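Trainee: This is the structure, below, for whatever I ask next.
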Amino acid sequence: MKATIAAGAIALLAAATPAAATAAEQRTVRCTGTADGCGVTIPIGDGAKDEVVTVKLTDTNLQLESVTAVSAVKNGYDLSKETYRAGGSEFRFELDAKKSNPKRARLVLVFSDPGDPPTSAPGAGLQGGWKWFDAVFKIPVGLKVTITGGGEGTSICTREETSTTFDITSREQSQRLVYYSKGDGGCAMQLSYSEFQVKIRNPAGQLVASGRLFYGQQYVAGDYVVSCGYGPWVGAGCLSQAAPGGGPGALITKG
């Protein structure tokens, strides 16, 4: 009788004990581009917990250039434990993402060769591939900048435009803006461009400056250029010029 009771107690304890943690989910994605640079889109709309993501790179000398969240909630993701593997041909990291992210939320990771500026991107003509430029903000520390890329009536033959909000923590701060230029179908013979809306607020949340940055082609097969003249700048100045590291860029100033 005692043996039967003991066996039953053991069975109840076993049933009440949580099952061993399952292995972390894993995902492998392929980076699209050339030996000079590539990009990859990772959906995060369903959330993630310690998910191991492996990015197959297009060359062994590429480094992570930027991470842009599209349609995600504030602080909606975190990357950790980043490593390069397989002789540099793979980039692996752990991904955490909030379940409150909308279904359309995604991350855009862009990789480039830091020692060899791209020959076909970011400024050269012909659609297709990842395009980017650097906006330098020479404005007072403590201001907050919101940049919204793309949207109806503001872009043609592009997708995955950068949308981000960040604080100014240094007197001269650079922000990389990215999109994917579509080169298939009707876009093969069409202009490719996008406009980025810039809003600058003070610590109290009041809007103190705004304007638009144009980045793209001004004629079919033309080079990708930056222009400050596609909308008025109020409260700040804007000048298109070469980025500090070369390639297209813009300088936004405010006294």
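Trainee: Please enumerate the residues belonging to region 181-201 that are touching a Lys or Arg at 6+ places or on another chain (Cβ under 8 Å) and either part of a loop (DSSP other than H, G, I, E, B) or without any contact (Cβ under 8 Å) to a residue 24 or more places away in the chain (or both).
Mentor: Lys182, Ser192 - these are the residues of region 181-201 that are touching a Lys or Arg at 6+ places or on another chain (Cβ under 8 Å) and either part of a loop (DSSP other than H, G, I, E, B) or without any contact (Cβ under 8 Å) to a residue 24 or more places away in the chain (or both).
Trainee: While we're here: Could you please find all residues in region 207-231 being farther than 29 Å from Cys187 by Cβ and not hydroxyl-bearing (Ser, Thr, Tyr)?
Mentor: Selection gives Leu207, Val208, Ala209.
Trainee: Among the listed residues Thr165, Thr169, which satisfies the condition of being at pLDDT 90 or above and in a loop (DSSP other than H, G, I, E, B)?
Mentor: When all the criteria are applied, what remains is Thr169.
Trainee: Quick check on my filter: what residues within region 25-46 are farther than 17 Å from Val67 by Cα and assigned to a loop (DSSP other than H, G, I, E, B)?
Mentor: Once the filter is applied, which keeps residues that are farther than 17 Å from Val67 by Cα and assigned to a loop (DSSP other than H, G, I, E, B), region 25-46 yields Glu25, Thr34, Ala35, Asp36, Asp46.
Trainee: Shifting gears a bit: Go through region 192-232 and give me each residue that's under 23 Å from the mean Cα position of the chain (by Cα) and surrounded by fewer than 19 Cβ atoms within 10 Å (Cβ to Cβ). Full working, then the answer.
Mentor: Kept after step one, since they are under 23 Å from the mean Cα position of the chain (by Cα), are these residues of region 192-232: 192-201, 210-217, 223-228.
Of everything in region 192-232, those that are under 23 Å from the mean Cα position of the chain (by Cα) and surrounded by fewer than 19 Cβ atoms within 10 Å (Cβ to Cβ) turn out to be Gln197, Lys199, Arg201, Ser210, Arg212, Asp223, Val225, Ser227.
Trainee: Can you find, within region 1-57, the residue that is modelled with the highest pLDDT among those that are open to solvent by less than 50 Å² (accessible area, probe 1.4 Å) and polar (S, T, N, Q)?
Mentor: Out of the qualifying residues, it is Thr54.
Trainee: In region 177-188, which residue that is more than 21 Å from the chain's Cα centre (by Cα) and surrounded by 11 or more Cβ atoms within 10 Å (Cβ to Cβ) is farthest from Leu107 (Cα to Cα)?
Mentor: Ala188
Trainee: Check every one of the strands (runs of 3 or more DSSP E) wholly within region 62-105 and list those with 3 or more residues that are open to solvent by less than 30 Å² (accessible area, probe 1.4 Å).
Mentor: By residue number, 63-70, 90-97.
Trainee: If you don't mind, there's one more thing I want to ask. Would you mind finding the one in Thr158, Thr165, Thr169 that is hydroxyl-bearing (Ser, Thr, Tyr), open to solvent by 40 Å² or more (accessible area, probe 1.4 Å), within 24 Å of Leu64 (Cβ to Cβ) and touching a strand residue (DSSP E or B) at 6+ places or on another chain (Cβ under 8 Å)?
Mentor: None of the other options fit; the residue is Thr165.
Trainee: Just to be sure, is Ser174 surrounded by fewer than 16 Cβ atoms within 10 Å (Cβ to Cβ), in contact with a Pro (Cβ under 9 Å, 6 or more places away or on another chain) and in a strand (DSSP E or B)?
Mentor: Criteria met by Ser174.
Trainee: Yes or no: Ala242 surrounded by 16 or more Cβ atoms within 10 Å (Cβ to Cβ), among the small types (Gly, Ala, Ser) and on the phi < 0 side of the Ramachandran plot?
Mentor: So Ala242 fails the test.
The values are calculated or read from the model by the stated rules, or taken from the named source; none is laboratory data. Computed from a prediction, not measured in an experiment: that's the story for all the values here. A quick note on method: Cβ atoms are made from the backbone with ideal geometry, for glycine too, and the neighbour counts reach across all protein chains shown. The protein model used for the area step is the full one, side chains on, heavy atoms only, and it has no ligands, DNA or RNA in it. Shrake-Rupley method; radii C 1.70, N 1.55, O 1.52, S 1.80 Å.
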